[in-house]
Amino acid sequence: MPKKLIMLLSSLALAAMFAFTAVAQKTKPAPKTDAEIQQCITEKLAASVKLKDQGLSATVVGGVATFVGEAKDGSSKGGVANIAKACGAKKTVNNITVAAKPKPTPKPKPTPKPKPTPKPKP
């Protein structure tokens, strides 16, 4: 075979290899296991300044993350869905309750000052 033909075939083979590698890198990674998703969620809850002290937890079965616990407010309850999605959960079941805000104690009504007694007329 002439050298030019060998060089041409080698170049085409090399180009095909690079193209295949580029396509292979764009494919989605393999799905995470339930244990990997749960570990990821646990780590993200612990790392969150807002959520770490609220006692929230999650279990993952079949890619579905189920959250339980009591959140301080509605935004904390809603934030766990983003964590689950970022960790690879297919679906989120949010069984977190929001703590009731304590009603403020009413201020006692001030006692009215006694009216001055009128002076007798002479």
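Summary of computed values
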read-out: Nearest-10 value in Å² for the accessible area of Lys52, using the 1.4 Å probe; value: 110
read-out: Estimated dipole of region 31-86 in Debye, rounded to 20 [Cβ of Lys and Arg +1, of Asp and Glu -1, Cα centre]; value: 160
read-out: All aspartates and glutamates inside 12 Å of Lys50 as judged from Cα atoms, apart from same-chain residues fewer than 8 positions distant; value: Asp73
read-out: Estimated distance in nm for a label pair at Asn94 and Lys3, the labels positioned 7 Å out from Cα along Cα-to-Cβ; value: 7.0
read-out: Within straight-line cross-link reach of Lys115, lysines at Cα separation under 27 Å, skipping those fewer than 8 residues along the same chain; value: Lys107
read-out: Karplus (6.51, -1.76, 1.60) ³J(HN,Hα), θ = phi - 60°, over region 41-57, in Hz, Gly and Pro reported as x; value: 4, 4, 5, 5, 5, 5, 7, 7, 4, 6, 9, 5, 9, 9, x, 7, 9
read-out: Aspartates and glutamates whose Cα lies under 14 Å from that of Lys44, excluding same-chain neighbours fewer than 8 positions away; value: Glu36, Asp53
read-out: Fully extended contour minus Cα-Cα distance, from Val49 to Lys101, at 0.36 nm per residue; value: 16.6 nm
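The values are calculated or read from the model by the stated rules, or taken from the named source; none is laboratory data. Note that the structure is predicted; figures quoted are calculated from it, not measured. So basically every Cβ, Gly included, is an ideal-geometry build from the backbone, and we count neighbours across all protein chains shown. What goes into the accessible areas is simple: the full protein's heavy atoms, side chains included, and nothing from ligands, DNA or RNA. Shrake-Rupley method; radii C 1.70, N 1.55, O 1.52, S 1.80 Å.
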